[in-house]
1. Consider Ala89 carefully, then state whether it is free of Cβ contacts under 8 Å to residues at least 60 places away in the same chain and farther than 16 Å from Lys12 by Cβ.
2. Looking for whichever is modelled with pLDDT of 90 or more, open to solvent by less than 60 Å² (accessible area, probe 1.4 Å) and outside any loop (DSSP other than H, G, I, E, B) here; the options are Val97, Val106. Which one fits?
3. Of the numbered conditions (1) surrounded by fewer than 16 Cβ atoms within 10 Å (Cβ to Cβ); (2) at pLDDT below 95; (3) under 16 Å from the mean Cα position of the chain (by Cα), Pro75 satisfies every one except a single condition; which is it?
4. Within the stretch 69-84, how many residues turn out to be assigned to a loop (DSSP other than H, G, I, E, B) and within 13 Å of Val100 (Cα to Cα)?
5. Just a yes or no: is a residue in the stretch 19-36 buried (at least 16 other Cβ atoms within 10 Å of the Cβ) and of a type in the set (Lys, Arg)?
6. Taking the stretch 78-94, which residues are at positive phi and open to solvent by less than 80 Å² (accessible area, probe 1.4 Å)?
7. So how many residues does the stretch 37-68 have that are of a type in the set (A, V, I, L, M, F, W, C), in a strand (DSSP E or B) and open to solvent by 50 Å² or more (accessible area, probe 1.4 Å)?
8. List every residue pair whose Cβ atoms sit under 7 Å apart, with the two residues 6 or more apart in sequence or on different chains, where the first one lies in the stretch 58-81 and is of a type in the set (Asp, Glu) and the second, anywhere, is in a strand (DSSP E or B) and open to solvent by 30 Å² or more (accessible area, probe 1.4 Å).
Amino acid sequence: MRFANGIRPDEKTTFGDMIFMGLNREKMFFDRDKGERTDILESRIYNLASSAQKEQIEVTLPEYVDLKEIEFNKPVKLQNPIIKMRAQANGNFANVVFTVEAEDIVEVGQSGVKKEPVAAGENKK
């Protein structure tokens with residue numbers, strides 16, 4: 001993935017408005033000792049449309065976050081996004097590969113935190 005319009009200090013100017021496009025793929029753990037892929041979920045990668053980047057971006061969520069069942073084209077926001085980059089060797093050159101990781105993807109207007117109602121007369125401070 002690339003950031004054609006740059007990475008800026010604040011989330012709004014880096015990503016702009018984001019639209020949910022769906023699940024791209026699930027990433028499974030790779031057992032390096034045996035040299036094979038396992039059936040243990042490592043993360044899920046979702047596609048989002050970004051108005052600031054004017055292209056699709058991939059966002060990786062950790063395995064403990066439930067599968068997102070957000071409708072296509074719904075506005076969403078990221079919780080605590082982190083942009084990581086690494087160099088990938090290509091002969092005498094190197095390409096910079098960006099990845100976006102977040103704690104969660106939530107619909108705009110949703111808090112993402114489920115609150116239990118407090119019964120009448122309890123914890124009134």
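The values are calculated or read from the model by the stated rules, or taken from the named source; none is laboratory data. All figures in this text were calculated on a predicted structure; none of them were measured in a lab. Don't worry about glycine lacking a Cβ; one is built from the backbone with ideal geometry, like all the others, and counts go over all protein chains shown. What goes into the accessible areas is simple: the full protein's heavy atoms, side chains included, and nothing from ligands, DNA or RNA. Shrake-Rupley method; radii C 1.70, N 1.55, O 1.52, S 1.80 Å.
1. Here the answer is yes, as Ala89 does meet what is asked.
2. The unique qualifying residue is Val106.
3. Only one criterion is unmet by Pro75, namely (2).
4. 2
5. Within the stretch 19-36, none of the residues are buried (at least 16 other Cβ atoms within 10 Å of the Cβ) and of a type in the set (Lys, Arg).
6. So the first thing to find is which residues in the stretch 78-94 are at positive phi, and the list is 80, 91.
Across the stretch 78-94, the qualifying residue is only Gly91.
7. 1
8. Glu58/Asn24; Glu63/Leu41; Glu63/Glu42
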